[in-house]
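K.L.:
One structure, as C-alpha cells, below. Some questions next.
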Amino acid sequence: MRVKIHHEGTNILWALLAILLVVNAPLWIWVRPLGWAIATTAISAVFYLLVVNFFRSPRRMFKGDSHNAVVASADGTVVALEETYENEYLHCRCIQLSVFMSVLNVHANWFPVDGEVVHTAYHPGRFMAAYLPKSSTENERSTVVIRTPEGQQVLMRQIAGAMARRIVTYARPGDEASVEDHMGFIKFGSRVDLYLPLGTDIYVKIGDKTTGGITQVGMLRPKAETENA
C-alpha cells in the first residue's frame with residue numbers, strides 16, 4: 001500500500017535525504033573497510049524511515065453518526081481526564097480530555113466535533129514535556145474553539161512538547177469544521193487537549209489509546225442538559 005506523506009513533511013524529508021546522502025556518500029568512496037559505510041548507511045536508513053513514519057497522512061472516515069459525537073483529534077494515549085476550569089476563552093468548568101502523542105504516532109490533528117470555528121489563538125511558550133499538566137498553560141500552544149450546530153462550544157488546544165518546535169493550525173474563524181478534516185499538525189512529539197461541556201458522556205479512560213478521526217471519545221448532551229449539569 002502506498003504511503004501518503006503529509007505536505008508539512010515534504011520539504012523536511014527532501015532536505016533530510018540530501019543531508020544523509022552528503023554524509024554517507026564519502027564513506028563509500030573513501031573510507032575502508034566498508035563496514036563503516038554499511039553501518040552508517042543502515043542507521044541513516046532506519047532514521048529516515050522513522051521520520052517518514054512520523055509524517056504519514058492517512059485519510060480517515062468516521063464510521064459512526066457524527067451528530068453530537070466527540071471524536072479523538074489525535075493518535076496517542078489518554079493522559080488526563082478531569083473536571084477543570086478553562087480560563088482562556090470559555091471561562092467555565094469543563095471536562096478536560098488530553099491525548100499525548102509520541103514520535104511514533106501520526107501527528108496530523110482532526111477536528112473533534114462538527115460545527116463552525118469561532119475562535120483561534122496562538123500562544124508562545126515553553127517546551128517542557130507535553131505529558132506534564134503545566135504544559136497545557138505554559139508550553140507553546142494554539143487554541144481553536146468550535147461551535148456545534150446545537151450551540152455547544154468545544155475548545156481544542158494543540159500543545160508543543162519537549163521535541164516539538166512547530167505547531168501548525170489550519171483552522172480560521174468562520175471555517176466549517178468536520179470530524180473527517182485535518183485541523184492542523186504538530187511536529188515531533190506533543191499533546192492535544194479537549195475541553196468539553198460538563199455532562200458530556202465520556203467513552204475513554206486514562207491509558208486508553210486513541211486514533212484521530214476514528215475513536216469516539218464522547219457524546220455531547222443537549223445544551224439544556226449540560227447547562228444544568
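K.L.:
Is it the case, given these coordinates, that Ser98 is more than 20 Å from Ile214 (Cβ to Cβ) and among the small types (Gly, Ala, Ser)?
P.N.:
Taking the combined requirement at face value, the residue does not satisfy it.
K.L.:
Now for a different question. State which residue pairs qualify: first residue within 12 Å of Tyr195 (Cβ to Cβ) and inside the range 136-150, second residue at pLDDT 90 or above and hydroxyl-bearing (Ser, Thr, Tyr) in any location, beta carbons under 8 Å apart, and separation of 6 or more residues or different chains.
P.N.:
That search, which allows pairs on different chains as well, returns Ser136/Ser98; Thr143/Tyr89; Thr143/Thr120; Val144/Thr120; Val145/Tyr89; Val145/Thr120.
K.L.:
Name the residue, out of Gly64, Gly76, that is within 28 Å of Thr169 (Cα to Cα), in the same structural domain as His182 (by TED's automatic domain parsing) and not β-branched (Val, Ile, Thr).
P.N.:
Every option except Gly76 fails the conditions.
K.L.:
Restricting to strands (runs of 3 or more DSSP E) lying wholly in the range 16-119: which have 3 or more residues that are surrounded by fewer than 18 Cβ atoms within 10 Å (Cβ to Cβ)?
P.N.:
Passing ranges, in order: 76-86.
K.L.:
Quick check: anything in the range 49-66 free of Cβ contacts under 8 Å to residues at least 40 places away in the same chain and among the aliphatic types (A, V, I, L, M)?
P.N.:
yes
K.L.:
Would you point out the residue of the range 188-214, among those that are surrounded by fewer than 20 Cβ atoms within 10 Å (Cβ to Cβ) and under 15 Å from the mean Cα position of the chain (by Cα), that is modelled with the highest pLDDT?
P.N.:
Here the residue is Lys209.
K.L.:
I've got another one for you. Are any of the residues in the range 3-10 surrounded by 14 or more Cβ atoms within 10 Å (Cβ to Cβ), out of contact with any Phe, Trp or Tyr (no Cβ under 6 Å at 6 or more places or on another chain) and either closer than 30 Å to Gln216 by Cα or modelled with pLDDT of 85 or more (or both)?
P.N.:
Checking the range 3-10: not a single residue is surrounded by 14 or more Cβ atoms within 10 Å (Cβ to Cβ), out of contact with any Phe, Trp or Tyr (no Cβ under 6 Å at 6 or more places or on another chain) and either closer than 30 Å to Gln216 by Cα or modelled with pLDDT of 85 or more (or both).
K.L.:
Does any residue of the range 176-198 turn out to be in a loop (DSSP other than H, G, I, E, B), within 13 Å of Ser98 (Cβ to Cβ) and touching a residue at least 12 places away in the same chain (Cβ under 8 Å)?
P.N.:
no
K.L.:
Does Gly64 satisfy the condition of being out of contact with any Ser or Thr (no Cβ under 7 Å at 6 or more places or on another chain) and at pLDDT 85 or above?
P.N.:
Spelling it out, Gly64 is indeed out of contact with any Ser or Thr (no Cβ under 7 Å at 6 or more places or on another chain) and at pLDDT 85 or above.
K.L.:
Any idea which of (1) more than 26 Å from Arg93 (Cβ to Cβ); (2) of a type outside the set (D, E, K, R); (3) modelled with pLDDT of 90 or more is the one Gln152 doesn't satisfy?
P.N.:
Only one criterion is unmet by Gln152, namely (1).
The values are calculated or read from the model by the stated rules, or taken from the named source; none is laboratory data. What you see is a predicted model; the values in this text were computed from it and never measured. Note: ideal-geometry Cβ built from the backbone for every residue, glycine included; neighbour counts use all protein chains shown.
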